[in-house]
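K.L.:
Quick one: the structure is below, and I'll ask about it shortly.
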Amino acid sequence: MRIGDFRASYAHDESLLITRVQRSWMIGFVGLLLIFPWVGGSYFTYLACLTGIHVIAAMGLNIVTGFAGQISLGHAAFMGVGCYTVAWLDKWGVPFYITIPLGGVVSALIGMLVGIPSLRIKGLYLAVATLAAQFILMFVFREWDSVTGGVRGVNIAPAQLWGWVINTDKDIYYLIMLCAGMLLLGARNLLRTHVGRSFIAIRDKDISAEVLGIDLFRGKLMAFALGSFYAGVAGGLMGYFYRAITPEHFTFTLSIFYLAAIIVGGLGTVLGTILGAAFMTLVPEVLRSVVTLLTLWAPNAMELLSPMREMVFGALIIAFLIFEPHGLVEMWRRARRFFHLWPFKT
Amino acid sequence: MNLAPMLSVEDVHLRFGGINALSGVSLQVKAGEITAVIGPNGAGKTSLFNTISGFYKPQQGRMVLEGQDISHTKPNVRAAMGLARTFQNVALFRGMTVLDNIKLGGHNRMAANTLQAMAYWGQSQREELALREEIERDVIDFLEIDHVRHQSVASLSYGLQKRIELARALAMRPKILMLDEPVAGMNREETEDMARFILDLQEERGMTILLIEHDMGMVMDISNHVAVLNFGQLIASGTPQYVRNHPDVIEAYLGVRESQLATGQGV
Amino acid sequence: MDWITFAEFSLIGLFSGGLLALVALGFVLIYKGTRVINFAMGEFMMLGAYLVYTGHSWLKMPLWLSMVFGLAGISCVAVLVERFVLRPLAGQPVVSVLMVTIGLGAFLHGTVDAIWGGQNLEMPQLLSRKPFIWGDVMLPGAVFWSFWVALAVIAGLSLYFRYSRTGIAMRAAASDPITAYALGIDVRRTQQLTWVFAGCVGAVAGTIVASISSLSPALSGTALGVLAVVILGGLDSVAGAIIAGLLVGWLESIAVGYFGGKARDLVPYVVVLAILMVRPYGLLGTRDIERL
């Protein structure tokens, strides 16, 4: 039950973790993250790395679509831009702490380019424009052999930091978590400053936003730039994680995956992004375990894994949109509200 | 006392296809005064506001704010120059709390860039806290909305929402406040509250106010100057007393017969 | 490229455009009727073709009966989709409705893959393969006849919407649902019918495409390119869909002629981006006006 929650200064009221309980939980969570690779085992560490990458990319999409309301169906392509930038720079031996931010920056520039139509078009039309960008970029990935290695792809050497080669999942786990932590905090901070507020204003009622002095075009472009930056960083990290990259890593299906992640998790919230990305990463793994179990009775059940993945994915999207449109984060908040007053009933 | 008008609308013509929304409308809004724009439905009042805000480009005429020609300035730049307005249908941002909505009024004064905002601690935090203090002191206390400041605007009553729209406009530190039907849909008590706030703004802060309103009682009570539009034209302009008895005004609202009865002509 | 080859590619392109226009019509029908962009259109095409295949190859029905079976099946699916997937989301933001059709598409795609498997199957031959020859120019028979089938369907639907009572009711409900309700039109029924029509149109198009190439779950991918056609023509314009279909078909064919097969996939997307920069609402679409 929540008691003693009073705030004596505006700074306290505006801070991210208000009560001592919240702070304790956060410290515990961070602690768990730090020791996770040592207690979780290699499979779960692998999953955690993948989740971390997905969380970063999904956060970028949530900034564009959740905060600023600009539908983007091309997010995976921006990841590809970041990844291929990293791969190309890596050929010259540029270290990861330069390639990854640069990958983000190049992605941001492309993202701003793709976001230019948002000046004149909204909603479904903008969705189709970003869809077109996705397919055009895919074409570039497949055809521009000299830079992207074409359909065969490229290899990326493991990241290195003063002789320490980041070779194993355990090592890259910390790099990914560090990036994710910083970028998620940045996104959360956006929401309590004028930049984030202006995005939401553009999303909710852009005419009102203009009258308040917000430059719509600059705002939308900034949202696209930020979202693509996040995607580019996620793409770069993916490059160092998988080490062998082909264009098939950045398909339209992946763009849909991220859109699903932020809708299932909760549009426009940071916690929702984390929940949604984790959920979407784990569901295929759970499914695989279930199907593996089924092979005990039906030996060729494995054939069904791929179609089943699609069916479950589609069904989840539909179910969440119909029954819980505000996503997992809303379920979480309901649970919290219940426990705030427990054992007294609302 | 400053005799130059705060806002001057000069001979504005606005056409949509074949419809003349505004025909040669001229209006002077004096600093520190409450000016009301009235007229039957469809007279062009909101079109006038939208033209002043910058959403519509008039085919002819110009607008001058504090001596500067704003006829070709973008809407968000006009806002930075001190033009604040509320809307007929409440245009609050439903995804945010009351406090966040009001803070958006101070958007133009925030100088931190995106990177600084993401880093928060430092310049951005200082600006945010300063803005928060200013809003709490000058706006929230004044409009008596401290009890709802953390609530989502979607859950509030209509009257409160209108007050928050006013709060947001006030947070812009405007030079001129344009209110489009501030008491539409309110009961007597809420109307009196709003009228009191508007008067307080004028008396305590010397605010210049331009408002569109249908509630004649309120208009006649609080305005210093009234302009009447009908079919896109300015048909009368002067003190509330003068306008109330003007034959053209009576004719516009009540018809020719009433006008003749009032002035005693042609009965 | 010499004149004859250019003419050949052009003609092939224009005639293939007929099919594109047909699929585009499916998109436009749903958008005009319910303001939804149906990202699952490709899956309707695919499912329709598979149902016809099932009727013919599994249930050993004669060809015409398989077609009826396919259309009936797709109509049932359309009704279920409208009732249980789209109607609960009425009034929700654009992003949600868009996502739900994407989710629907994924679900249908996975279902088909699970039931029929991912391999290429052979459709019964629907259209004569005999090439159509006009002077020095040769047109593959399937392309030639598919154009006329598409034209017949489009013409039939246009006449239906113009002159039949139900058709007029559907147009009324699409344009102003509230007034239509007030006039006694059952808007829910018309929306249901809209989905049924779109589903059938998709099934016909899918069956033709499958009989030209082959039948596999990958069939659904062709619809995304058609989205470009729809945007070019204007989301809510039937005439626009036809013109755009022919135009994009022609452009695709010419691009293949000059740049090779890979260019075909790129053309619709480049066209769409170019159009959206210059004329955001397409050639014949209606501009969205926002009331202040």
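Just so you know, all these numbers are worked out from the coordinates, no wet-lab data involved. Note that the structure is a prediction, hence the values are computed from the model and not measured. Every residue, glycine as well, gets a Cβ built from its backbone with ideal geometry; the counts of neighbours run over all protein chains shown.
K.L.:
Treating the beta-carbon of each Lys and Arg as +1 and of each Asp and Glu as -1, no other charges, what is the dipole magnitude of segment A:90-163 about its Cα centre, to the nearest 20 debye? Intermediate results must be reported in sequence, preceding the final value.
P.N.:
Values: 5 positive and 3 negative charges, 44 e Å.
For segment A:90-163, the charge dipole is close to 220 debye.
K.L.:
Taking 0.36 nm per intervening residue step and subtracting the Cα-Cα distance, what contour gain separates residue A:143 from residue A:157 on full extension?
P.N.:
2.8 nm
K.L.:
For residue A:71, which sequence-distant residues (separation of 5 or more, or a different chain) have an amide H within less than 5 Å of its own amide H, given hydrogens modelled in the peptide plane?
P.N.:
A:123
K.L.:
Along the Cα→Cβ direction, 7 angstrom out, place labels at residue C:130 and residue C:2. What is the inter-label distance in nm?
P.N.:
2.8
K.L.:
Neighbouring Cβ atoms within 10 Å as the yardstick, rank A:148, A:19 fewest first.
P.N.:
On the way: A:148 22, A:19 14.
The fewest-first ordering by Cβ neighbours comes to A:19, A:148.
K.L.:
Quick one: Karplus J couplings for segment A:118-124, per residue in order, coefficients 6.51, -1.76, 1.60, θ = phi - 60°, nearest Hz, x for Gly and Pro?
P.N.:
Using θ = phi - 60°, the values come out as 5, 5, 10, 10, 10, x, 4 Hz.
K.L.:
Okay, next question. What helices in chain C pass both tests, a Cα length along the helix axis of 20 Å or more and a mean Kyte hydropathy of 1.0 or higher, using whole DSSP H runs?
P.N.:
On the way: long enough: C:3-34 (45 Å, 1.58); C:63-81 (27 Å, 2.32); C:94-116 (33 Å, 1.68); C:141-163 (33 Å, 1.43); C:187-212 (38 Å, 0.97); C:238-259 (31 Å, 1.79); C:263-278 (22 Å, 1.97).
Those that pass (Cα extent of 20 Å or more, hydropathy at least 1.0) are C:3-34, C:63-81, C:94-116, C:141-163, C:238-259, C:263-278.
K.L.:
Show which lysines lie in cross-link reach of residue C:262 when reach means a straight Cα distance below 30 angstrom and same-chain residues fewer than eight apart are skipped.
P.N.:
A:91, C:130
K.L.:
Could you check the spin-label model distance between residue B:214 and residue C:171? Points 7 Å from the Cα along Cα→Cβ, value in nm.
P.N.:
3.6
K.L.:
When ranked by the protection proxy of mean other Cβ atoms within 10 Å per residue, highest first, what sequence do the peptides A:297-305, C:236-244 form?
P.N.:
Values: A:297-305: 12.7, C:236-244: 23.1.
The most tightly packed comes first, giving C:236-244, A:297-305.
K.L.:
Could you work out, residue by residue across B:81-93, how many beta carbons of other chains sit within 10 Å of that residue's beta carbon, and then give the average as an integer?
P.N.:
On the way: counts 1, 0, 2, 3, 3, 2, 5, 1, 2, 2, 8, 4, 10.
Taking all residues of B:81-93 together, the mean is 3.
K.L.:
So, with +1 on the Cβ of K and R and -1 on the Cβ of D and E, and no other charges, what is the size of the charge dipole of chain A about its Cα centre, to the nearest 20 debye? Write down the numbers at each step before the final one.
P.N.:
Working: 25 positive and 18 negative charges, 176 e Å.
It works out to roughly 840 debye.
K.L.:
How large is the helix-only mean residue ellipticity at 222 nm for the protein assembly as shown, computed as the sum of -39500 (n - 2.57) over DSSP H runs with n ≥ 4, divided by its residue count, in deg cm²/dmol to the nearest 500? Can you show the working numbers first?
P.N.:
Working: 36 runs with 550 residues, N = 905.
Value at 222 nm, helices only, nearest 500: -20000 deg cm²/dmol.
K.L.:
Related question: Taking just the C-alpha trace of segment C:3-278, give me its Rg and Dmax in Å.
P.N.:
Taking only Cα atoms of segment C:3-278, I get Rg and Dmax of 18.6, 60 Å.
K.L.:
Treating the Cα atoms of the protein assembly as shown as identical point scatterers in vacuum, please give the log10 of the normalised Debye intensity I(q)/I(0) at q = 0.06, 0.07 Å⁻¹, two decimals.
P.N.:
-0.51, -0.68
K.L.:
Can you put B:127, B:203 in order, fewest other beta carbons within 10 Å first? Before the final figure, lay out each step's value.
P.N.:
On the way: B:127 19, B:203 10.
Least to most surrounded, the residues fall as B:203, B:127.
K.L.:
Using a simple spin-label model with points 7 Å from Cα along the Cα→Cβ vector, what separation in nm is obtained for residue C:138 and residue A:244?
P.N.:
Here the answer is 4.3 nm between the modelled labels.
K.L.:
Determine which lysines satisfy two conditions relative to residue A:122: a Cα distance under 17 Å, and not lying fewer than 8 residues away in the same chain.
P.N.:
Excluding near neighbours in sequence, the set is A:205, A:220.
K.L.:
Given axes a ≥ b ≥ c from the Cα gyration tensor, I'd like to know whether chain A is rounded (a/c under 1.5), prolate (a/b larger than b/c) or oblate. Could the numbers behind the result be given before it?
P.N.:
Values: a/c = 1.36, a/b = 1.14, b/c = 1.20.
The shape class here is rounded.
K.L.:
So if each residue of separation counts as 0.36 nm, and I subtract the Cα-Cα distance between residue B:4 and residue B:205, what length gain in nm does that give?
P.N.:
Values: separation 201, 0.36 × 201 = 72.36 nm, distance 1.86 nm.
Gain in length upon complete extension: 70.5 nm.
K.L.:
Within segment A:21-41, find all residues whose amide N lies under 17 Å from a label point positioned 7 Å from the Cα of residue A:174 along Cα-to-beta-carbon.
P.N.:
Residues passing the 17 Å test: A:30-41.
K.L.:
Once R0 is set to 25 Å, what does the formula 1/(1 + (r/R0)^6) return for the Cβ-Cβ distance between residue A:289 and residue A:30, expressed as a FRET efficiency to the nearest 0.05?
P.N.:
Numbers: r = 29 Å, r/R0 = 1.15.
The computed FRET efficiency comes out at 0.30.
K.L.:
Where does each of C:178, A:63 land when they are ranked from fewest to most other beta-carbon atoms within 10 angstrom?
P.N.:
Details: C:178 9, A:63 33.
Listed from fewest to most nearby Cβ atoms, that is C:178, A:63.
K.L.:
If you take the beta carbon distance between residue B:81 and residue A:185 as r and set R0 to 51 Å, what does 1/(1 + (r/R0)^6) give as a FRET efficiency, to the nearest 0.05?
P.N.:
Details: r = 36 Å, r/R0 = 0.70.
Once the sixth-power term is evaluated, E becomes 0.90.
K.L.:
Partner chain Cβ atoms within 10 Å, averaged over the residues of A:214-223 - can you pull that number for me? Working shown, then result.
P.N.:
Working: counts 6, 7, 3, 2, 1, 1, 0, 0, 2, 1.
Rounded to a whole number, the mean comes out at 2.
K.L.:
While we're looking at this one, here's another question. Counting only other residues whose beta carbon sits under 15 Å from that of residue A:15, what net charge do I get with K and R as +1, D and E as -1? Write down the numbers at each step before the final one.
P.N.:
Numbers: positive: A:7, A:20, A:23, A:188, A:192, B:126, B:132; negative: A:5, A:13, A:14, B:128.
Around residue A:15, the charge tally is +3.
K.L.:
Go ahead and run the numbers for FRET between residue A:253 and residue C:186, Cβ-Cβ distance against an R0 of 56 Å, rounding to 0.05. Numbers along the way, then the final one.
P.N.:
On the way: r = 39 Å, r/R0 = 0.69.
After rounding to 0.05, the efficiency reads 0.90.
K.L.:
Sequence neighbours fewer than 8 away in the same chain don't count; with that in mind, list the lysines whose C-alpha is under 16 Å from residue B:57.
P.N.:
B:45, B:74
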